[in-house]
Amino acid sequence: MKHSNPIIAEMFDTQQFAETGHQLINLLAAHLEANITGPSKVLNWKMPSLEDSNWYAPLPHKSTINPHGLLEKLSQEILPNNLAIHHPRNMGHQVACPLPMAALCDLVASLTNQAMAVYEAGPSATMLERQVIRWLCALINESTWNNAGGVLTSGGAQANLTALLVARQVTTSKANPSSNIWKDGIAQQSALRILASEHAHYSVSRAAGLMGLGTDSVIKIATDKNGRLDLIALKNAHQTCLENKEIIIAVVANAGCTPTGSIDLLKTVGEFCQTHDLWFHVDGAHGASALLSGIHRKKLSGIELADSVVWDGHKLMYMPAAVSAVLFKNEQHSYAAFSQDASYLFQGDNHEDEAFNLSYRTLECTKRMMALKLWAAFSLYGTAGMGALVDEAFAKAITFAEKIQAQSDFVLLMKPETNIVCFRYLHDYSTQAQTNKHQSDIRQHIIESGAFHITQVDLHGVTWLRTTLMNPFTREQDLDELLGGVASASQAVLRMAE
Ligand SMILES: Cc1ncc(COP(=O)(O)O)c(C=O)c1O
């Protein structure tokens, strides 16, 4: 049916949608193929301040392009100037090169726009989410997580915030049953603390800030030489809190910390939390996907002791961003984060039916149908297929680490436990500051050349080059050439400084 207003008729023209859609898919398939083959640059580096001026355009009051022009703009300007996420030499961030079928599901999510705040605003979207949550909980532990539940959120940062809100509500009402921090605020509370690995993602401190606790309420627990939370340091911090009459709302362990990918000794930390009746939160945004791997899931032994777990789909589950899960061993806890009335949304008296209205449990009101892509990936490939991606990534990290160790002018930070590898290139500088700057200069040189994408991280005053080997198309040859590229970049940087 065509609308009587020609401009609106064009906006909703289904034939144009189908024709442009077919062309778009062809364009994206060619883009994907070119990326995977990898002959072009991984990044077409341009100075952001200069590039910014190229993107200034007058506000269009009338149409400036047709759908063909849109496709042209995509193929000529937008796609070539983005980071080539599927490029074998893209080794920077912990961002998945998404499964193409999952990307198609995101198109469905966009067009059908299920609001999902309440069941009726996305019935199958809600059911898909509930199914995916059940699968993720079963992967943690089929028997001890059989009363578990949770929700999908737009990203791990929001998932961490949600888990910590729950932890705060549950622990403070346990300490003082007449208190309701959600309603009364934090003013009357004793000091609240979060004990978190020094490598905890910044979203943990940010959550503390957002919750009004202040970022200083996060006590950073030192890690050992393998980047894992040090139990003695945890015990000491716990003792200090007890002496100061502070309430610990959560202990946060990492299952794959951001800087090095190290996995904390979850069983040890979990048992400590059980002994002392502490909320145990595992940030598995990066590494919980090791549960999909027959080879690597033992690294997460003890995750089942957690009260809450965060798990990102857009990392090692190879989903388009963003899709994360926040999971609670006791499903009832998932209602504790946002205990709020909104009668225009939630009208039922029947508590059981209300469980299908996901907004009770998320920060988001309108949220995207995030589960479809995960449901599709599990259904199409099974845990075997998804686990194979994890195995591939982790094995590549070990290969790369061995290559680094075999070269006398490189230092490896630690044997990788997941797929993050940190190293530095040695140069005969007298100060740490100079050597640090040299690593940053090398990285900048490499980024600007467009040959590779890598990142860097500062740990205890030392700068390391950091790679995240996510891409199943990264070959050994790419790893060898990265090391060669780092050495050449070092020479180039030194020459420029002369
Ligand atoms: C361990 C960890 N937690 C949380 C996050 C935040 O996740 P997101 O970027 O999905 O918000 C990250 C992001 O890299 C992470 O590495």
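For Gln94, all conditions in the list (1) within 16 Å of the ligand (Cβ to nearest atom); (2) open to solvent by 70 Å² or more (accessible area, probe 1.4 Å) hold save one; what is the number of the exception?
Gln94 satisfies every listed condition except (2).
Looking at (1) over 20 Å from Leu469 (Cα atoms); (2) touching a residue at least 40 places away in the same chain (Cβ under 8 Å); (3) aromatic (Phe, Trp, Tyr), which is the only condition Tyr335 fails?
Of the numbered conditions (1) over 20 Å from Leu469 (Cα atoms); (2) touching a residue at least 40 places away in the same chain (Cβ under 8 Å); (3) aromatic (Phe, Trp, Tyr), the odd one out for Tyr335 is (2).
List the pairs whose first member sits in the stretch 389-401 and is touching a residue at least 12 places away in the same chain (Cβ under 8 Å), whose second member is in a helix (DSSP H, G or I) and open to solvent by 10 Å² or more (accessible area, probe 1.4 Å), and whose Cβ atoms are under 6 Å apart, counting only residues at least 6 apart or on separate chains?
From the stretch 389-401, the pairs are Val390/Leu292.
Just a yes or no: is a residue in the stretch 10-31 at pLDDT 95 or above, farther than 22 Å from Ile85 by Cβ and in a loop (DSSP other than H, G, I, E, B)?
Scanning the stretch 10-31 turns up at least one residue that is at pLDDT 95 or above, farther than 22 Å from Ile85 by Cβ and in a loop (DSSP other than H, G, I, E, B).
Got a sec? Which of Leu83, Leu152 is in contact (Cβ under 8 Å) with a residue 40 or more places away in the chain and farther than 28 Å from His22 by Cα?
Leu152
Suppose we filter Thr260, Thr240 for residues that are of a type in the set (Val, Ile, Thr) and more than 23 Å from Cys422 (Cα to Cα); which single one remains?
On inspection, the qualifying residue turns out to be Thr240.
Is there any pair linking a residue in the stretch 464-476 that is among the basic types (Lys, Arg) to one that is buried (at least 24 other Cβ atoms within 10 Å of the Cβ), with Cβ under 6 Å and at least six apart or on different chains, and which?
From the stretch 464-476, the pairs are Arg466/Cys422.
Could you list, ordered by first residue, the pairs with Cβ atoms under 7 Å in which the first is in the stretch 32-60 and more than 17 Å from Glu448 (Cα to Cα) and the second is modelled with pLDDT under 95, at least 6 apart or interchain?
Between residues of the stretch 32-60 that are more than 17 Å from Glu448 (Cα to Cα) and residues that are modelled with pLDDT under 95, the close pairs are Ala34/Ser40.
Select from the stretch 269-303 the residues that are outside any loop (DSSP other than H, G, I, E, B) and touching a Lys or Arg at 6+ places or on another chain (Cβ under 8 Å) and write down the one among them that is farthest from Asp391 (Cα to Cα). Don't jump to the end; show me each part of the working.
Taking the stretch 269-303 and keeping what is outside any loop (DSSP other than H, G, I, E, B), we get 269-275, 280-283, 288-292, 297-300, 303.
Still in the list and also touching a Lys or Arg at 6+ places or on another chain (Cβ under 8 Å): 272, 289-291.
Numbers: Phe272: 30, Ser289: 10, Ala290: 8, Leu291: 11 Å.
Only one residue fits best here, namely Phe272.
Taking Ser53 as the residue in question, decide whether it is under 29 Å from the mean Cα position of the chain (by Cα), part of a helix (DSSP H, G or I) and of a type in the set (S, T, N, Q).
So Ser53 does not fit the description; no.
Are any residues in the stretch 304-319 more than 10 Å from the ligand (Cβ to nearest atom), in a loop (DSSP other than H, G, I, E, B) and open to solvent by 10 Å² or more (accessible area, probe 1.4 Å), and if so, which ones?
Asp307
Just to be sure before I move on: is Phe280 open to solvent by 10 Å² or more (accessible area, probe 1.4 Å), among the aromatic types (Phe, Trp, Tyr) and free of Cβ contacts under 8 Å to residues at least 60 places away in the same chain in the structure I sent?
Numbers: open to solvent by 10 Å² or more (accessible area, probe 1.4 Å): no; among the aromatic types (Phe, Trp, Tyr): yes; free of Cβ contacts under 8 Å to residues at least 60 places away in the same chain: yes.
The answer is no for Phe280.
Taking the residues in the stretch 392-412 that are of a type outside the set (Asp, Glu) and in contact with a strand residue (DSSP E or B) (Cβ under 8 Å, 6 or more places away or on another chain) as candidates, determine which candidate is most open to solvent (accessible area, probe 1.4 Å).
The qualifying residue most open to solvent (accessible area, probe 1.4 Å) is Gln405.
Only one residue in Ala285, Ala290, Ala322, Ala336 is in contact with a Ser or Thr (Cβ under 9 Å, 6 or more places away or on another chain), closer than 27 Å to Ala102 by Cα and surrounded by fewer than 24 Cβ atoms within 10 Å (Cβ to Cβ), so which one is that?
Only one candidate qualifies: Ala322.
From the list Asn54, Asn35, exactly one residue is out of contact with any Ser or Thr (no Cβ under 9 Å at 6 or more places or on another chain), over 21 Å from Pro320 (Cβ atoms) and not small (Gly, Ala, Ser). Which is it?
Asn54
Please name all residue pairs, on different chains or six or more residues apart, with Cβ atoms under 6 Å, provided the first residue is in the stretch 199-214 and is under 11 Å from Ala157 (Cα atoms) and the second residue is within 8 Å of the ligand (Cβ to nearest atom).
Within 6 Å, the pairs are His201/Thr258; Ser203/Ala157; Ser203/Asn160; Val204/Asn160; Ala207/Asn160.
Within the stretch 239-269, restricting attention to residues that are away from the ligand (no atom under 16 Å from the Cβ) and open to solvent by less than 10 Å² (accessible area, probe 1.4 Å), which residue is farthest from Val282 (Cα to Cα)?
Step one: of the stretch 239-269, the residues away from the ligand (no atom under 16 Å from the Cβ) are 239-249, 265, 267-268.
With the extra rule that they be open to solvent by less than 10 Å² (accessible area, probe 1.4 Å), the set shrinks to 241, 249.
Values: Cys241: 21, Ile249: 13 Å.
So, considering only residues that are away from the ligand (no atom under 16 Å from the Cβ) and open to solvent by less than 10 Å² (accessible area, probe 1.4 Å), the one farthest from Val282 (Cα to Cα) is Cys241.
Among the residues of the stretch 419-451, which ones are free of Cβ contacts under 8 Å to residues at least 12 places away in the same chain and among the aromatic types (Phe, Trp, Tyr)?
Tyr429
The values are calculated or read from the model by the stated rules, or taken from the named source; none is laboratory data. Remember, predicted model here, so these are calculated numbers, not experimental data. Neighbour counts run over all protein chains shown; Cβ positions are idealised from the backbone, glycine included. Keep in mind that these areas ignore ligands, DNA and RNA; they rest on the heavy atoms of the full protein, side chains included. Shrake-Rupley method; radii C 1.70, N 1.55, O 1.52, S 1.80 Å.
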